[in-house]
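Reading through the structure tokens given below for one structure.
The values are calculated or read from the model by the stated rules, or taken from the named source; none is laboratory data. Predicted model only: the values in this text are computed from it and were never measured. Cβ atoms come from the backbone with ideal geometry, glycine included; neighbour counts cover every protein chain shown. Just so you know, the surface numbers come from the protein's heavy atoms only, side chains and all, with ligands and any DNA or RNA stripped out. Shrake-Rupley method; radii C 1.70, N 1.55, O 1.52, S 1.80 Å.
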Amino acid sequence: MTQRLFFILTLAFSAICPSAMAADGELTIGYCNGEMASESRVELTGKGWVSAAIKLPSAALSAYQGNDISAIRAALVNRVNIDTLRVWVRTTLDGEDLASGFLTRNTDPAVAKEWNEVELSNPYTISSDNELYVGLSYHQKLNVQALSFVNTALGGTCWLQLGEDGEWTDCSDNGALGIEAVVTGAQLPDYDLGLLGAEVSPWPAGGATAVKVKLTLANYGLQDVSGFTVALEADPEVYVECHLEQTVASNSSITTTFVVDPGEYTDDETLWSVVLLSVDDGLDANTANNTAQATSVYLKNVFVEEFTTEECVNCPAMATRLHNALAADEQYEEQVAVVCHHAGYYTDTFTQPCDESLTWFYNAGGNTYAPAIMVDRSTRYSSSTTSPLFNTTSESDLTDAFDQALERRANVMVGLSCSFNSDSTQVDVTATCLRKADASLANPRLTVYLTEDDVEAVYQSGATGKYFHQHVIRGYNSIWGEEIPWEGEARSATLGCSFTIDPSWTFSKLKLVGVISNLNADDPTDCEVSNCVSVALTDSSIEKVPDSILTTLIDLSSSEGEEEWFDLHGRRVASPQAGNLYILRQGSTVTKVIY
């Protein structure tokens with residue numbers, strides 16, 4: 001039976017640098033939203049032509065039939081050694097120019113280190129459903145790095161040719177190319193919101209059947225869109241409608257993620273489609289770009305382990321590098337989990353038994369040292385073939401490792417949920433572990449850590465003034481992880497563990513880190529981490545009740561519905577104790593209760 005669920009979601013989103021709103025009768029179409037990079041890494045050696053283009057699908061153009069591409073905007077981050085800039089419109093990358101224009105160093109305006117708006121000598125009238133390539137070609141006398149790429153583009157949207165005889169290659173991985181088509185006319189749509197792409201991933205942190213959806217949308221209309229409704233479909237059983245209250249400015253694109261629970265278990269073989277049903281502000285003029293087949297993925301997070309001690313004079317410098325690297329990209333905050341092992345160079349007050357045991361990774365217990373780093377316990381980030389550990393004096397080494405790990409796709413996932421006892425001195429953790437059909441871990445294990453940030457050092461060598469440790473391990477379920485009870489071809493399994501919370505710890509600084517890894521007791525290079533997750537105990541993903549509630553005394557004997565108990569911080573309580581004040585939720589009723 002088809003399920004129809006409706007969610008109202010107010011979401012924070014990642015805007016891909018919107019341009020200013022277009023004037024009446026004019027729009028720019030592209031993927032960079034008017035943004036321009038400050039530098040480029042794309043280069044042709046010596047004298048010759050460099051060409052690049054964006055691909056505009058017919059679905060994105062169908063609402064503009066009868067209007068003209070009158071100019072092309074081309075961003076150059078460098079002008080030195082460029083004598084000519086040509087722009088053009090084609091139906092194929094190597095085809096004839098349907099329209100073109102040019103600038104040189106001597107024209108007025110001249111080629112500039114900025115956005116160059118180049119008028120076409122004969123504007124191209126959009127009159128068919130063909131896809132178009134809108135591009136630029138510049139001639140260089142000597143080497144120059146001039147092409148602008150910003151943010152992240154979709155595969156197949158940006159193309160590059162180095163040299164007149166070079167092959168065209170998909171350069172979308174470099175980001176969104178700085179090329180935009182200027183469309184003018186009297187028949188431009190007020191509203192045209194289109195789907196550029198979608199990803200759907202199981203999301204056990206949101207519930208056993210929850211999924212995380214990533215959408216990329218573009219507003220090709222003259223007017224801003226303040227909200228829209230999409231449907232997620234997985235025939236024949238699942239249908240979920242979601243209304244997103246967020247703005248997509250004219251001439252801009254956004255990438256947004258949100259979590260919904262369709263109420264049915266789905267895995268990586270589920271075929272999802274996403275349909276844009278409506279926009280809040282008016283009629284969507286173009287339905288041809290309102291459907292996208294979603295890619296089914298398991299999102300990859302990164303697990304970082306630092307070996308550090310208070311005896312280590314060089315460890316504060318590494319801790320600073322790691323801190324700065326984690327702060328370099330907002331994505332790292334959500335997708336990089338860190339724990340610190342106080343071992344490798346003597347031990348200290350914060351050393352746990354697991355820390356000393358894990359020095360096995362130093363070439364199976366060889367020459368230990370600190371500071372040292374492991375990323376996913378993988379040798380791909382280390383110069384050694386026998387140990388996954390490495391040391392670095394460069395923040396870029398760390399961010400490069402994070403980026404490489406995030407580019408990979410996972411075949412397992414883990415989500416953590418929590419409940420607390422009456423005085424929040426114990427947290428009970430339930431881990432949900434998912435695996436794809438092709439998951440190939442020989443001996444999969446789950447390790448759960450409880451960590452604390454901003455812990456004042458007792459005495460830290462190499463530091464002046466007060467020093468605070470991050471990612472300090474306060475507890476763990478097992479040194480090498482518990483065996484995950486996947487049975488047969490089952491895709492889902494759950495495990496539980498509990499941690500005692502010391503009152504001296506700062507609750508708001510506590511996090512849970514769940515890690516799925518392989519275990520080969522004979523080979524430290526065969527213990528790679530497949531995926532992980534990090535959840536703050538105060539995180540909103542841990543279910544809490546609203547702050548705005550009434551304080552009352554009620555007769556529990558007259559209550560109806562399932563009882564859900566929370567402490568005064570809004571954390572779920574498994575076993576309320578007599579004489580204490582709690583929050584009670586029964587159905588839609590929420591009250592404060594003396595138990």
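Worth pointing out:
- Residue-wise HN-Hα coupling along the stretch 186-195, computed from phi with Karplus coefficients 6.51, -1.76, 1.60 (Hz; x: Gly, Pro): 9, 10, 7, x, 5, 10, 8, 9, x, 8
- In order along the stretch 163-180, the phi-based Karplus estimate (6.51 cos²θ - 1.76 cosθ + 1.60, θ = phi - 60°) of 3J(HN,Hα) comes to x, 4, 9, x, 7, 6, 10, 6, 10, 4, 5, 6, x, 8, 6, x, 9, 9 Hz; Gly and Pro are listed as x.
- Secondary-structure-derived ellipticity at 222 nm for the chain, considering helices only, amounts to -2000 deg cm²/dmol, per-run term -39500 (n - 2.57) for DSSP H runs with n ≥ 4.
- For semi-axes √(5λ) of the Cα gyration tensor in Å, calculated from these coordinates, the label among [x] 52, 32, 25; [y] 77, 28, 15; [z] 48, 33, 21: [z]
- Here the Karplus relation 6.51 cos²θ - 1.76 cosθ + 1.60, evaluated at θ = phi - 60°, turns the backbone of the stretch 425-430 into coupling constants of 9, 9, 10, 9, 10, 10 Hz, with x for every Gly and Pro.
- Restraint check, Lys55/Lys436; Lys212/Lys300; Lys214/Lys511, Cα-Cα greater than 23 Å: Lys55/Lys436; Lys214/Lys511
- Only Cα pairs under 8 Å and 6+ residues apart enter the sum, and on that basis the relative contact order of the stretch 58-194 stands at 35 percent.
- Aspartates and glutamates with Cα under 14 Å of Lys509, excluding same-chain neighbours fewer than 8 positions away: Glu452, Asp453, Asp454, Glu456, Asp539
- Förster-model FRET efficiency, 51 Å R0, Gln404 and Asp108, C-beta, rounded to 0.05: 0.65
- Local net charge near Asp376, Cβ-Cβ under 10 Å (Lys/Arg +1, Asp/Glu -1): +2
- Compared with the dominant Cα axis of the chain, that is its longest principal axis, helix 395-407 is turned about 80°.
- The chain: angle of helix 315-326 to the longest principal axis, Cα-based, in degrees nearest 10: 50 degrees
- At full extension, Thr91 and Ser575 could sit 167.5 nm farther apart than now, given 0.36 nm per residue minus the alpha carbon distance.
- Surface per residue (accessible, 1.4 Å probe) for the stretch 312-371, Å²: 46 Å²
- For Asn290, the shell of other residues with beta-carbons less than 10 Å away shows a net charge of -2, using +1 for Lys and Arg and -1 for Asp and Glu.
- If you take all other residues with their beta carbon under 14 Å from the beta carbon of Ala74, and give Lys and Arg +1 and Asp and Glu -1, the sum is -1.
- Atom-type composition of the exposed protein surface of the stretch 349-441 places 38 percent of the accessible area on carbon and sulfur (1.4 angstrom probe).
- Normalised contact order of the chain, rounded percent, pairs of Cα under 8 Å and 6 or more residues apart: 12 percent
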